[in-house]
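Below is one structure; the comments refer to it alone.
The values are calculated or read from the model by the stated rules, or taken from the named source; none is laboratory data. Note that the coordinates shown come from a computational prediction; the quantities given were computed from them, not determined experimentally. Cβ sites come from the backbone with ideal geometry, for glycine too, and all protein chains shown count toward neighbours. Calculation scope for accessible area: heavy atoms of the full protein, side chains included, ligands and nucleic acids excluded. Shrake-Rupley method; radii C 1.70, N 1.55, O 1.52, S 1.80 Å.
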Amino acid sequence: MGVRPDARVAVLGGCGFVGRALVRELHGRGYRLRLVTRRPDRHRDLLVLPRLELWEGDVHDERFLRELASGAQAFINLVGILKEHAPGDFARVHEELPARMARAGRGLRLLQVSAAGADAASESAYLCSKGRGEMRLRALAPEAIVVRPSVIYGPGDHFVDRFRKLLRWAPWGLPVPLAASLIAPVYVDDVARGIATALARTAAAGQDYGFCGPEILSLGDSVAAIATLCGRARPRRLSARMSFLLARLLQHAPGTPFSVDQWRTLKVGSVCPEGAPGLPDLGVAPRPFREALEALDRGCA
């Protein structure tokens, strides 16, 4: 059965970029929410929501997860990382955590947010770990719902905002690695609506949903659209070979701005398989990237 609107829902990653959009959506629909954070003092603004509980704890502690799941009807995992800070981070976050959620939330409606292109056989460690995480989740909970979004954007994102800032430092055109890589940018509020609808829909059990925007764009064209909006120079497109050399160089720089594994991930692209269930099947009409970009109006200074 779908989850009724007044049910309690436990959310991992609910204080992040996608999580906050999902919290707004679920709370607006009447759900009671239970979120986890290591630093409650950083998220006190969420406590103004009357049906929200903010728990302090470690999402990798399975005993804690069982306590979190107690009394809930659904368990959602949004936790993900784009790069490893230490060897094994991908496995710990993308593979082990979904399995822990499945064990702790046995009998609940489970929903895992994965990634477009997730594949246990991928050369990309990121996409490989996402694919393995899906497999481990489904082995324990075949009825779990898996959502595979493309690049998610919106206010405070790590895509549009990141390139908007980078463009300020490239007056002669920002070099874009693997500019031909294809993506289908999807607006964060559309992702939140899709997740909330899947949670409530009985027929969503065991389904895989591709959450993509209606436009398939190259990464270069996406950045060019941001540059046009900001009045910046058109970005320069780097070939796959030049992008690989750049990745080998930058993966040793402070903060690892671009790595060989990110190069491998970009090379795969981030689009949804044709004909796969997606946002329109959940009654959500995703917004076109260029139109939504202009509506964001966040300034480019």
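Between D6 and A170, the simple spin-label model (points 7 angstrom out along Cα→Cβ) gives 5.3 nm.
Quick one: length gained pulling W55 to A276 fully straight, 0.36 nm per residue minus the C-alpha distance? List each step's numbers first, then the result.
Details: separation 221, 0.36 × 221 = 79.56 nm, distance 3.60 nm.
Taking W55 through A276 to full extension adds about 76.0 nm, to one decimal.
Pulled fully out, how much extra length does the chain show between R38 and R92, if you take 0.36 nm times their separation in residues and subtract their Cα-Cα distance?
Numbers: separation 54, 0.36 × 54 = 19.44 nm, distance 1.71 nm.
Separation in residues times 0.36 nm, less the Cα-Cα distance, equals 17.7 nm.
Our Cα-only numbers for the range 195-255 put the radius of gyration and Dmax at 18.8, 49 Å.
About the centre of its Cα atoms, the range 19-64 shows a dipole size close to 220 debye [charges on the beta carbon of Lys, Arg (+1) and Asp, Glu (-1) only; nearest 20 debye]. Of the chymotrypsin sites (Phe, Trp or Tyr not before Pro) in the range 166-234, the ones in a loop by DSSP (not H, G, I, E or B) with at most 10 other beta carbons within 10 Å are W169, W172. Only protein atoms count toward the accessible area here, which uses a 1.4 Å probe; on the range 1-132, the carbon and sulfur part of that area reaches 48 percent.
With a cut-off of 20 Å on the backbone N, the residues of the range 118-157 near the modelled label site 7 Å out from R29 along Cα-Cβ are 143-150, 152-153. Springs join every pair of Cα atoms under 10 Å in this Gaussian network model of the chain, and among C230, C15, C272 the largest mean-square fluctuation is at C230. Ordering I183, L111, H252 by Cα displacement along the dipole of the chain toward the positive end leaves H252 in first place; charges were set at the Cβ atoms of Lys, Arg (+1) and Asp, Glu (-1).
Helix content alone sets the calculated 222 nm mean residue ellipticity of the chain: runs of n ≥ 4 DSSP H residues at -39500 (n - 2.57) each, divided across all residues, give -10500 deg cm²/dmol. Which distance in nm do the two modelled labels at R66 and R241 give, with both placed 7 Å along the Cα-to-Cβ direction? Each label point is offset 7 Å from its Cα along the Cβ direction, giving 5.8 nm. A Gaussian network model of the chain, with springs between Cα atoms under 10 Å, assigns the largest mean-square fluctuation among I81, I216, I195 to I81.
With just the Cα atoms defining each centre, how far is the range 9-66 from the range 271-289? Give it in Å. A separation of 26 Å, based on Cα centres. Once the C-beta distance of M135 and H252 is scaled by a Förster radius of 25 Å, the resulting FRET efficiency is 0.20 to the nearest 0.05. Solvent-accessible surface of the chain, taken per residue with a 1.4 Å probe and all protein chains present: 47 Å². The distance from the alpha carbon centre of the range 166-243 to that of the range 127-141 is 24 Å, rounded to a whole number. Placing +1 on each Lys and Arg Cβ and -1 on each Asp and Glu Cβ, with no other charges, gives the range 92-250 a dipole about its Cα centre of roughly 440 debye. Listed values for the range 277-285 are Karplus-derived 3J(HN,Hα) couplings in whole Hz (6.51 cos²θ - 1.76 cosθ + 1.60, θ = phi - 60°), namely x, x, 4, x, 5, 9, x, 10, 8, and x replaces Gly and Pro.
For the chain, what is the convex hull (Cα atoms) projected area averaged across all directions, in square nanometres? Please report the intermediate quantities before stating the final value.
Values: hull surface 60.7 nm².
Orientation-averaged projected area of the Cα hull: 15.2 nm².
Take V260, project a point 7 Å from its Cα along the Cβ direction, then tell me which residues of the range 165-195 have their backbone nitrogen under 13 Å from it. Answer for the range 165-195: none.
Roughly speaking, to the nearest percent, how much of the range 166-224's 1.4 Å accessible area is carbon and sulfur?
On the way: 1230 of 2040 Å².
So the carbon and sulfur contribution to the accessible surface is 60 percent.
Here's how it looks for E53: its modeled amide H is under 5 Å from those of L33, R34, L35, which are all 5 or more places away or on a different chain.
Could you look at the range 246-301 and say what percent of its accessible area is carbon and sulfur, using a 1.4 Å probe and all protein chains? The nonpolar share, carbon plus sulfur, comes to 55 percent.
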